[in-house]
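Notes to accompany the following structure.
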Amino acid sequence: AKDSGRGTCRVFDREMAERLQARRGLAADLRGALQRGELVLCYQPILHAAGGVAGFEALLRWHHPHRGLVMPAEFIPVAEEIGAIAAIDAWVLRTACADAAGWPSPLRVAVNLSPARLEGRDLTCTVAEALAATGLAASRLELEITEAVVLRDNQRIMALLRELRGMGLRVALDDFGTGYSSLAYLRRFPLDKLKIDRGFVQDLGHSPTAAPILRAIIELAHTLGLVTTAEGVETAAQLGLLREMGVAEVQGYLFSQPCPAAEVPALLEALARP
Ligand code: C2E
Ligand code: CA
Ligand code: CA
Ligand code: CA
């Protein structure tokens, strides 16, 4: 047992070392990626369930000079590790607000915030600066935070969220249902919107409990005065069920993949056609 254990260990060590090295390489490349203009935002539409575009979610992409397109799941954790996330989040906010200022009002833009970002002191300043610099009305900006943030149940974060909402923007809880959020969190937290994780939507038609659970989440959210958005809507059948359940907004590949900012006007036109 000991010998095989040691063998396994050696393979494990090598794989670990390789992964660590890849990550280190990514980290080195990420420093300066912002200055080199390698980071770009893509936009995915969020639609009213009844029809019509409500806004767009900004999603980050990294055009790596050698590796090609790198997705956020791969480099956001690295950015957090090397302390580059604050600069990236600030750039995302500023760029998203600038892009949205060019869209017809009242279309909104939703921006993802890293959990670490809410621990920082200057978020309200960064937001206020982005709005002032771009002229975007606060009511057209939405911030998406994850359950990890809510779970910290931190008085300071609650105060921060209240302050942000006081400025006139909306706060959405992202990926609802993937973590451990409970009714208690939803009631206590100053939120405007619940984004229901795409896992629930994808289970529709595959698991007999998916529909009743979704229905309960939507009803509960509405009881608490929260707007609901269903993520990851890929089929017309899913859309039909979600509409019947009374969900307020929908987002997913059925309507559009995330697309470059330059394609937003054409996308708006295409989505306006019945
Ligand atoms: P998220 O906020 O949950 O974003 C939704 C993800 O689902 C996006 O992946 C989007 O491309 C994908 N998606 C949308 N519709 C569908 C669909 O119908 N089916 C399927 N299978 N997937 C769909 P993406 O762009 O790879 O982003 C992954 C995550 O990275 C995001 O999850 C978000 O947590 C994070 N992220 C993205 N942009 C930023 C950013 O600017 N800042 C921060 N801090 N995090 C970001
Ligand atoms: Ca999101
Ligand atoms: Ca999400
Ligand atoms: Ca996610």
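The values are calculated or read from the model by the stated rules, or taken from the named source; none is laboratory data. Small disclaimer: the values here were computed from a predicted structure and weren't measured. Note that each Cβ is placed from the backbone with ideal geometry, even for glycine, and that neighbours are counted across all protein chains shown. Ligands, DNA and RNA are stripped out before the accessible areas are found, and what is left, the full protein with its side chains, is counted by its heavy atoms. Shrake-Rupley method; radii C 1.70, N 1.55, O 1.52, S 1.80 Å.
Sort out which residues of segment 126-146 are open to solvent by 20 Å² or more (accessible area, probe 1.4 Å) and either assigned to a loop (DSSP other than H, G, I, E, B) or of a type in the set (Phe, Trp, Tyr) (or both), and write them in order of number.
Matches in segment 126-146: Gly135, Ala137.
Name the residues in segment 229-274 that are assigned to a helix (DSSP H, G or I), touching a helix residue (DSSP H, G or I) at 6+ places or on another chain (Cβ under 6 Å) and under 28 Å from Ala210 (Cα atoms), would you? Talk me through it step by step, then tell me what you get.
Pass one, segment 229-274, residues assigned to a helix (DSSP H, G or I): 236-245, 261-272.
If we keep only those that are touching a helix residue (DSSP H, G or I) at 6+ places or on another chain (Cβ under 6 Å) too, we end up with 238, 245, 261.
Within segment 229-274, Gln238, Met245 qualify.
Considering only segment 69-83, I want to know if a residue exists there that is under 21 Å from Ala128 (Cα atoms), among the β-branched types (Val, Ile, Thr) and within 16 Å of ligand 4 (Cβ to nearest atom). Break it down into steps so the answer makes sense when it comes.
Pass one, segment 69-83, residues under 21 Å from Ala128 (Cα atoms): none.
No, segment 69-83 contains no residue that is under 21 Å from Ala128 (Cα atoms), among the β-branched types (Val, Ile, Thr) and within 16 Å of ligand 4 (Cβ to nearest atom).
Filter segment 214-224 down to the residues that are under 17 Å from Val250 (Cα atoms) and under 22 Å from the mean Cα position of the chain (by Cα), then identify the one that is farthest from ligand 2 (Cβ to nearest atom).
Checking each candidate, the answer is His222.
Output the residues belonging to segment 63-98 that are open to solvent by less than 50 Å² (accessible area, probe 1.4 Å) and in contact with a Leu (Cβ under 7 Å, 6 or more places away or on another chain).
Answer for segment 63-98, where residues must be open to solvent by less than 50 Å² (accessible area, probe 1.4 Å) and in contact with a Leu (Cβ under 7 Å, 6 or more places away or on another chain): Pro72, Phe75, Val78, Ala79, Ile82, Ala84, Ile88, Asp89, Val92, Thr95, Ala96, Cys97.
Could you check Leu268 against (1) open to solvent by 20 Å² or more (accessible area, probe 1.4 Å); (2) within 16 Å of ligand 4 (Cβ to nearest atom); (3) in contact (Cβ under 8 Å) with a residue 40 or more places away in the chain and say which number it fails?
(2)
For segment 88-131, enumerate the residues that are hydroxyl-bearing (Ser, Thr, Tyr) and more than 15 Å from the chain's Cα centre (by Cα). Break it down into steps so the answer makes sense when it comes.
Of segment 88-131, the ones hydroxyl-bearing (Ser, Thr, Tyr) are 95, 105, 114, 124, 126.
Residues satisfying the conditions are Thr95, Ser105, Thr124, Thr126.
In segment 16-29, is there at least one residue being surrounded by fewer than 19 Cβ atoms within 10 Å (Cβ to Cβ), within 21 Å of the chain's Cα centre (by Cα) and more than 16 Å from ligand 2 (Cβ to nearest atom)?
Filtering segment 16-29 down to residues surrounded by fewer than 19 Cβ atoms within 10 Å (Cβ to Cβ) leaves 16-25, 27-28.
Now drop any that are not within 21 Å of the chain's Cα centre (by Cα), which leaves none.
Checked against the condition, which is being surrounded by fewer than 19 Cβ atoms within 10 Å (Cβ to Cβ), within 21 Å of the chain's Cα centre (by Cα) and more than 16 Å from ligand 2 (Cβ to nearest atom), segment 16-29 yields no hits at all.
Within 21 Å of Arg108 (Cβ to Cβ), within 16 Å of ligand 1 (Cβ to nearest atom), of a type outside the set (Gly, Ala, Ser) and open to solvent by 40 Å² or more (accessible area, probe 1.4 Å): does that describe Arg170? If you could, list the steps in order and put the result at the bottom.
Working: within 21 Å of Arg108 (Cβ to Cβ): yes; within 16 Å of ligand 1 (Cβ to nearest atom): yes; of a type outside the set (Gly, Ala, Ser): yes; open to solvent by 40 Å² or more (accessible area, probe 1.4 Å): yes.
Judged against the criteria, Arg170 is a match.
Quick check: anything in segment 196-212 within 16 Å of ligand 1 (Cβ to nearest atom), assigned to a loop (DSSP other than H, G, I, E, B) and touching a strand residue (DSSP E or B) at 6+ places or on another chain (Cβ under 9 Å)?
Restricting attention to segment 196-212, the residues satisfying the condition of being within 16 Å of ligand 1 (Cβ to nearest atom) are 196-206, 210.
Narrowing the set further to residues that are assigned to a loop (DSSP other than H, G, I, E, B) leaves 197, 204-206.
Still in the list and also touching a strand residue (DSSP E or B) at 6+ places or on another chain (Cβ under 9 Å): 197.
Yes: one or more hits.
Of everything in segment 11-38, what is of a type in the set (Lys, Arg) and at pLDDT below 85? Give them in sequence order. I'd like the intermediate steps shown before the answer.
Step one: of segment 11-38, the residues of a type in the set (Lys, Arg) are 14, 19, 23-24, 31, 36.
Of everything in segment 11-38, those that are of a type in the set (Lys, Arg) and at pLDDT below 85 turn out to be Arg14, Arg19, Arg23, Arg24.
How do the pairs read when you match residues in segment 174-189 that are modelled with pLDDT of 70 or more and away from ligand 2 (no atom under 16 Å from the Cβ) with residues anywhere that are in a loop (DSSP other than H, G, I, E, B) and aliphatic (A, V, I, L, M), using Cβ under 6 Å and keeping only pairs 6 or more apart or on different chains?
Within 6 Å, the pairs are Leu186/Leu224.
Within segment 173-229, can you find the residues that are farther than 25 Å from Val111 by Cα, open to solvent by 50 Å² or more (accessible area, probe 1.4 Å) and small (Gly, Ala, Ser)?
Gly205, Ala216
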